[in-house]
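Some notes on the structure that comes next.
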Amino acid sequence: PELDFQTGLILPGGGADTTNDILFPLRAMTISVQIIDGIANVAMSQTFSTTTPITEMDSNNILLPPPPPTGTASHYQLPMDPTATITKFSASMNNRIINAVVKEKNQAKEEFQEAVDAGQPAYLAEQTRRDIFKISGGDVPLAK
């Protein structure tokens, strides 16, 4: 079935919908699966290019430049099985490894917003629907 949401690394375009969003291309992906006592442990690694966003083509097959970014708030969305559980998340960005820490939902959202309001890089991982895992990033430098 077709997904009813965007997936991957996304820089919102600032519009009321997703029309002007900038999508960054997936450059590499590895998946490993380990099955123990009937339970699958799946590890996935994805690499995105944040210097060459995906562009649209017009009716004459000419590439159109993406709209200019309106900020540095980005998000990463991944579809997942509604019965799956995320047990670990880490990201490597600008030669830094960021490991997720589980916190109470409201506390995590408050701390994320405080960091964004202070102009500090911040990340928030959440399950927005039973089938969507989302990482939001505020004031994140995407150019590297």
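The values are calculated or read from the model by the stated rules, or taken from the named source; none is laboratory data. A quick note: this is a predicted structure, and the numbers were derived from the prediction, not measured. When we count neighbours, we look across all protein chains shown, and the Cβ atoms used for this are built from the backbone with ideal geometry, even at glycine. All accessible areas refer to the heavy atoms of the entire protein, side chains included, with ligands and DNA or RNA removed. Shrake-Rupley method; radii C 1.70, N 1.55, O 1.52, S 1.80 Å.
Can you confirm whether Gln6 is modelled with pLDDT of 85 or more, more than 23 Å from Ile97 (Cα to Cα) and in contact with a strand residue (DSSP E or B) (Cβ under 7 Å, 6 or more places away or on another chain)? When the stated conditions are applied, Gln6 does not pass them.
Table: residues versus (1) under 30 Å from Ile97 (Cα atoms); (2) in contact with an Asp or Glu (Cβ under 9 Å, 6 or more places away or on another chain); (3) modelled with pLDDT under 80; (4) open to solvent by 90 Å² or more (accessible area, probe 1.4 Å).
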site: Gly15; (1), (2), (3), (4): no, yes, yes, no
site: Asp21; (1), (2), (3), (4): yes, no, yes, no
site: Ala28; (1), (2), (3), (4): yes, no, no, no
site: Ser32; (1), (2), (3), (4): yes, no, no, no
site: Ile54; (1), (2), (3), (4): yes, no, yes, no
site: Met57; (1), (2), (3), (4): no, no, yes, yes
site: Asn60; (1), (2), (3), (4): no, no, yes, yes
